[in-house]
1. Calculate, in nm to one decimal, what Gln77 and Lys64 gain on full extension: separation in residues at 0.36 nm each, minus their alpha carbon distance.
2. Rank-order 70-81, 53-64 by packing density, defined as the average count of other C-beta atoms within 10 Å over each peptide's residues, highest first.
3. Label Asn129 and Ala86 with points 7 Å out from Cα along Cα→Cβ: what is the distance between them in nm?
4. Based on the alpha-carbon gyration tensor of the range 64-129 and its eigenvalue square roots a ≥ b ≥ c, which shape applies: rounded if a/c is under 1.5, prolate if not and a/b is larger than b/c, or oblate?
5. If I model a spin label at Ser95 and Asp111 as a point 7 Å from the Cα along the Cα→Cβ vector, what separation in nanometres do I get?
6. Over the range 55-129, with the other protein chains present, what is the accessible area per residue in square angstrom, probe 1.4 angstrom?
Amino acid sequence: MRRRHLLFMLGAFISAPAFANEPKKKGGGAGYTQFPTMTVFTEASRRKHGTLSVDMGLYSEDEKLVELIKLNQPRLQDAYLSRLQAYAGTLNARSLADIGFITTQLQSATDAILARKDAKVLLGSVMLN
(Lines give C-alpha, C1' and ligand atoms only; values in the text may rest on other atoms or scores of the structure.)
Protein backbone atom coordinates (compact mmCIF):
# COMPACT_ATOMS: atom_id res chain seq x y z
CA MET A 1 0.00 0.00 0.00
CA ARG A 2 2.80 2.42 0.85
CA ARG A 3 4.56 1.59 -2.40
CA ARG A 4 1.50 2.73 -4.34
CA HIS A 5 1.43 6.02 -2.47
CA LEU A 6 5.15 6.47 -2.95
CA LEU A 7 4.93 5.75 -6.69
CA PHE A 8 1.95 8.06 -7.02
CA MET A 9 3.72 10.91 -5.25
CA LEU A 10 6.90 10.34 -7.23
CA GLY A 11 4.91 10.43 -10.48
CA ALA A 12 3.18 13.64 -9.41
CA PHE A 13 6.49 15.38 -8.69
CA ILE A 14 8.04 14.27 -11.96
CA SER A 15 5.07 15.26 -14.13
CA ALA A 16 4.30 18.59 -12.40
CA PRO A 17 7.08 20.57 -14.14
CA ALA A 18 5.94 19.25 -17.51
CA PHE A 19 2.45 20.69 -16.95
CA ALA A 20 3.81 23.96 -15.58
CA ASN A 21 5.75 24.71 -18.78
CA GLU A 22 2.76 24.34 -21.10
CA PRO A 23 1.32 27.70 -22.17
CA LYS A 24 -2.23 28.33 -21.05
CA LYS A 25 -4.79 28.05 -23.80
CA LYS A 26 -6.63 31.25 -24.53
CA GLY A 27 -10.31 31.10 -25.40
CA GLY A 28 -10.69 31.65 -29.12
CA GLY A 29 -7.03 31.06 -29.92
CA ALA A 30 -3.93 33.20 -29.97
CA GLY A 31 -5.31 35.67 -32.51
CA TYR A 32 -8.54 36.34 -30.59
CA THR A 33 -9.00 39.49 -28.50
CA GLN A 34 -12.03 39.46 -26.18
CA PHE A 35 -13.78 42.73 -25.39
CA PRO A 36 -15.73 43.38 -22.17
CA THR A 37 -19.51 43.08 -22.42
CA MET A 38 -20.96 46.27 -23.86
CA THR A 39 -24.36 47.40 -22.60
CA VAL A 40 -26.40 50.32 -23.96
CA PHE A 41 -29.96 51.34 -23.21
CA THR A 42 -33.04 51.54 -25.40
CA GLU A 43 -35.47 54.43 -25.11
CA ALA A 44 -39.24 54.71 -24.93
CA SER A 45 -40.88 58.14 -24.55
CA ARG A 46 -37.46 59.69 -23.84
CA ARG A 47 -36.84 57.37 -20.89
CA LYS A 48 -34.65 54.36 -20.46
CA HIS A 49 -36.73 51.36 -21.44
CA GLY A 50 -34.43 48.35 -21.76
CA THR A 51 -30.87 47.27 -22.46
CA LEU A 52 -28.94 45.85 -25.38
CA SER A 53 -25.92 43.78 -24.31
CA VAL A 54 -23.28 42.52 -26.74
CA ASP A 55 -20.39 40.11 -26.08
CA MET A 56 -17.84 40.17 -28.87
CA GLY A 57 -14.22 39.92 -29.84
CA LEU A 58 -11.88 40.42 -32.77
CA TYR A 59 -9.91 37.71 -34.55
CA SER A 60 -6.86 38.09 -36.78
CA GLU A 61 -4.14 35.70 -37.84
CA ASP A 62 -1.62 38.56 -38.21
CA GLU A 63 0.38 38.95 -34.96
CA LYS A 64 1.14 42.62 -35.65
CA LEU A 65 -2.56 43.33 -36.13
CA VAL A 66 -3.38 41.56 -32.85
CA GLU A 67 -0.96 43.90 -31.07
CA LEU A 68 -2.53 46.87 -32.88
CA ILE A 69 -5.96 45.71 -31.72
CA LYS A 70 -4.76 45.52 -28.11
CA LEU A 71 -3.26 49.03 -28.35
CA ASN A 72 -6.45 50.46 -29.85
CA GLN A 73 -8.88 48.54 -27.65
CA PRO A 74 -10.17 51.67 -25.79
CA ARG A 75 -10.77 53.51 -29.10
CA LEU A 76 -12.46 50.47 -30.59
CA GLN A 77 -14.70 50.00 -27.56
CA ASP A 78 -15.72 53.68 -27.65
CA ALA A 79 -16.62 53.39 -31.34
CA TYR A 80 -18.58 50.21 -30.70
CA LEU A 81 -20.53 51.78 -27.85
CA SER A 82 -21.35 54.83 -29.98
CA ARG A 83 -22.66 52.69 -32.82
CA LEU A 84 -24.58 50.39 -30.51
CA GLN A 85 -26.20 53.31 -28.68
CA ALA A 86 -27.25 54.89 -31.98
CA TYR A 87 -28.80 51.57 -33.04
CA ALA A 88 -30.43 50.96 -29.66
CA GLY A 89 -32.08 54.39 -29.87
CA THR A 90 -34.14 53.12 -32.81
CA LEU A 91 -35.49 50.09 -30.94
CA ASN A 92 -38.82 49.94 -29.16
CA ALA A 93 -40.48 47.46 -26.79
CA ARG A 94 -41.46 45.10 -29.64
CA SER A 95 -38.19 45.21 -31.57
CA LEU A 96 -35.88 42.29 -32.20
CA ALA A 97 -32.12 42.75 -32.40
CA ASP A 98 -30.82 42.64 -35.98
CA ILE A 99 -27.61 40.62 -35.63
CA GLY A 100 -26.55 41.24 -39.22
CA PHE A 101 -26.83 45.00 -38.82
CA ILE A 102 -24.97 44.97 -35.51
CA THR A 103 -22.15 42.89 -37.04
CA THR A 104 -21.91 45.22 -40.04
CA GLN A 105 -21.75 48.30 -37.80
CA LEU A 106 -19.06 46.83 -35.53
CA GLN A 107 -17.03 45.60 -38.52
CA SER A 108 -17.12 49.01 -40.23
CA ALA A 109 -16.01 50.71 -37.00
CA THR A 110 -13.16 48.20 -36.69
CA ASP A 111 -12.01 48.75 -40.27
CA ALA A 112 -12.14 52.54 -39.87
CA ILE A 113 -10.07 52.64 -36.68
CA LEU A 114 -7.49 50.01 -37.63
CA ALA A 115 -7.31 51.19 -41.27
CA ARG A 116 -7.13 47.53 -42.28
CA LYS A 117 -9.73 44.91 -43.13
CA ASP A 118 -7.97 41.83 -41.73
CA ALA A 119 -9.65 41.79 -38.29
CA LYS A 120 -12.95 39.91 -38.13
CA VAL A 121 -15.71 40.72 -35.65
CA LEU A 122 -16.99 37.64 -33.82
CA LEU A 123 -20.18 38.00 -31.79
CA GLY A 124 -20.55 35.86 -28.69
CA SER A 125 -24.06 36.83 -27.64
CA VAL A 126 -26.57 39.62 -28.16
CA MET A 127 -29.32 40.19 -25.61
CA LEU A 128 -32.14 42.69 -25.83
CA ASN A 129 -34.18 43.13 -22.65
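The values are calculated or read from the model by the stated rules, or taken from the named source; none is laboratory data. From a predicted model like this one, the values you see are computed outputs, not experimental measurements. Quick reminder, even Gly has a Cβ in these numbers, built from the backbone with ideal geometry, and neighbours come from all protein chains shown. In case anyone asks, the SASA skips ligands and DNA or RNA and just uses the protein heavy atoms, side chains included. Shrake-Rupley method; radii C 1.70, N 1.55, O 1.52, S 1.80 Å.
1. Gain on extension, Gln77 to Lys64, equals 2.8 nm.
2. Going from most to least packed, we get 53-64, 70-81.
3. 2.7
4. Values: a/c = 2.52, a/b = 2.18, b/c = 1.15.
Prolate, since a/c reaches 1.5 and a/b exceeds b/c.
5. 2.3
6. Per-residue value: 59 Å².
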